[in-house]
Amino acid sequence: MIPYGRQDIREEDLEAVREVLLSDYLTQGPRVPAFETALAEHIGAKHAVAANSATSALHMACQALGLGPGDRLWTSPITFVASANCGLYCGASVDFVDICPDTFNMSVAALATKLEAAERDGTLPKIVVPVAMCGQSCDMQGIRKLADKYGFAIIEDASHAIGGRYRGAYVGSGALADITVFSFHPVKIITTAEGGMAVTDDDELAQKLRLFCSHGITRDPDLMEGVSDGPWYYQQLVLGQNYRMTEMQAALGLAQLKRLDAYVATRARRAHHYHTALDGVACQLPFETDGINSAWHLYVIRLDQADNRRAVFEELRAAGLGVNVHYIPVHLQPYYKALGFTAGDFPLAEDYYARAISIPLYATMDDDQQQQVVDLVRGALG
Ligand SMILES: *Cc1c(COP(=O)(O)O)cnc(C)c1O
């Protein structure tokens, strides 16, 4: 089976994890802060806060921004459920903005229209979560302008997009989103097994992220109410969770981070090869918008004929390709339908879903494997 994505674990990764296992600290030691600092420096953000998953990072980002009951969070229907669930964890309500069919990202035009109506009705969102689908950044300047006009905060779900660029700067370098979240799940660009990171340029948000990540507890006397009882003392200030990353994960992340740019370059090279090798096949190929360098987490083709999708998918799976579909529109999940969403709510997302197939793309894929994918896809689609 050629999977749609997979991790790359090398000798130096094993050595880094082994060293931690034999050290004094398996958790709350020096590696997590070292990984945070290295990642923040690499992408050019001021603060990075590690978490045990991107799902956790999204939740603590919502908490840091003060999301609560009565508030609204909007995201894209074409994403993993975690981008929406973070709003529900906080007791807020969740709604969606349809996608742009070229990029599969939240449509800024649709967002503008929906915001106009929400302003009239008094139902503006507190947080909007644009998702950099497949590794391609959203139109962050367009979304920032709307955020400034309507007063919402931006959590950029860049789970797919670490190492990608927007107008030359790394995704998450801070100026446009309030908080950017990355995932280190093994199918993503770099991995810590489970793991995630929230980055921000805002000192106060960074402090809150740290609180919510670790029980709402601080040992910093400057943050405490009243005076500290002594060196042992800590205070719980908010209701947080234990969302901390372990030292083993951080050591793996540090080793992987060194190869981030090489991984993204290799993925881009493979993607560009698909562009040429699959030209003329009965599907639409993905492309990068001007000013954006995708991290190429996924290579999604959209079949010209939606009613072929299941047969083509099954044929490719039977031939040994670990093809997949990203994503089933979140609003069509039974849990979200029970909240009132229904088929037809976001027609462009639903049309995308009907046609999409993710074909294999990962950093260690070799020429033979890619040629096999090309031959099988060409065979299945004519
Ligand atoms: C993978 C993913 C997540 C969740 O990441 P975890 O680290 O597995 O929690 C969230 N959003 C998107 C868009 C993802 O692809």
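Expressed in nm to one decimal, what extension gain is obtained for the pair GLU204 and LEU26 from 0.36 nm per residue of sequence separation less their Cα-Cα distance?
Working: separation 178, 0.36 × 178 = 64.08 nm, distance 2.81 nm.
Fully extending the segment from GLU204 to LEU26 adds 61.3 nm.
First check a/c for segment 230-361, with a ≥ b ≥ c the square roots of the eigenvalues of its C-alpha gyration tensor; if it is under 1.5, answer rounded, and if not, answer prolate when a/b is larger than b/c or oblate otherwise.
Values: a/c = 2.55, a/b = 1.43, b/c = 1.78.
Oblate.
Rounded to the nearest 500, what is the 222 nm mean residue ellipticity of the chain from helices alone, with -39500 (n - 2.57) per DSSP H run of 4+ residues and division by all residues? Could the numbers behind the result be given before it?
Working: 13 runs with 146 residues, N = 382.
Computed mean residue ellipticity for the chain: -11500 deg cm²/dmol.
From the phi of every residue in segment 21-32, what ³J(HN,Hα) in whole Hz does the Karplus formula 6.51 cos²θ - 1.76 cosθ + 1.60 yield, where θ is phi - 60° and glycine or proline is x?
Calculated HN-Hα couplings, in order: 4, 9, 8, 6, 10, 8, 8, 6, x, x, 6, 4 Hz.
Testing the spin-label approximation: label points 7 Å from Cα along Cα→Cβ at ARG167 and THR289. State their distance in nm.
Label at ARG167, label at THR289, 1.2 nm between them.
For the chain, what does the accessible surface come to per residue with a 1.4 Å probe? Please give it in Å². Walk me through the numbers before you get to the answer.
Working: 16190 Å² over 382 residues.
Value for the chain: 42 Å² per residue.
For segment 178-233 and segment 30-85, compute the distance between their C-alpha centroids and round to whole Å.
10 Å
For the residue pair ASP102 and LEU237, what label-to-label distance in nm results when each label sits 7 Å from Cα along the Cα-to-beta-carbon direction?
Simple spin-label model gives 4.5 nm for this pair.
Considering only the other residues whose Cβ falls under 12 Å of the Cβ of VAL129, what net charge follows from Lys and Arg at +1 and Asp and Glu at -1?
Summing Lys/Arg as +1 and Asp/Glu as -1 gives -2.
Would you please classify the overall shape of segment 20-135 from the alpha carbon gyration tensor, given that a ≥ b ≥ c denote the square roots of the eigenvalues, rounded means a/c under 1.5, and beyond that prolate means a/b larger than b/c while oblate covers the rest? Before the final figure, lay out each step's value.
Details: a/c = 2.70, a/b = 1.93, b/c = 1.39.
Prolate shape, in that a/c is at least 1.5 and a/b is the bigger ratio.
Share of antiparallel DSSP beta bridges in the chain, in percent to the nearest 5? Could the numbers behind the result be given before it?
On the way: 24 of 39 bridges.
So the antiparallel bridges amount to about 60 percent of the total.
Arrange the peptides 255-262, 205-212 so that the one whose residues have, on average, the most other Cβ atoms within 10 Å appears first. Write down the numbers at each step before the final one.
Details: 255-262: 17.4, 205-212: 22.6.
Per-residue Cβ counts within 10 Å, averaged per peptide and sorted highest first, yield 205-212, 255-262.
Quick one: which residues, 5+ away or cross-chain, put their amide H under 5 Å from the amide H of THR75? H built at 1.01 Å from N.
Residues meeting the criterion, in which the H sits 1.01 Å from N, are ASP95, PHE96, VAL97, VAL129.
Ignoring ligands, DNA and RNA, what percent of the 1.4 Å accessible area of segment 271-382 is carbon and sulfur?
Values: 2510 of 5130 Å².
Heavy-atom surface of segment 271-382 belonging to carbon and sulfur, 1.4 Å probe: 49 percent.
Over the chain, what portion of Cα pair distances is larger than 29 Å, expressed as a whole percent?
On the way: 31507 of 72771 pairs.
Tail of the P(r) past 29 Å holds 43 percent of the pairs.
Run the accessible area of segment 126-221 with a 1.4 Å probe and give the carbon-and-sulfur part as a rounded percent. Mind dumping the intermediate values first?
Working: 1460 of 3030 Å².
Looking at segment 126-221 in its full context, I get 48 percent from C and S.
Kindly work out what percent of the DSSP beta bridges joining two residues of segment 1-157 are antiparallel, to the nearest 5. Walk me through the numbers on the way to the answer.
Values: 1 of 11 bridges.
Approximately 10 percent, going by the DSSP bridge assignments.
7 Å from Cα along Cα→Cβ at both TYR150 and GLN305: what's the point-to-point distance in nm?
4.0 nm
The values are calculated or read from the model by the stated rules, or taken from the named source; none is laboratory data. Here the structure is a predicted model, which means the values were calculated and not measured. A quick note on method: Cβ atoms are made from the backbone with ideal geometry, for glycine too, and the neighbour counts reach across all protein chains shown. Heavy atoms of the whole protein, side chains included, go into the accessibility calculation; ligands, DNA and RNA do not. Shrake-Rupley method; radii C 1.70, N 1.55, O 1.52, S 1.80 Å.
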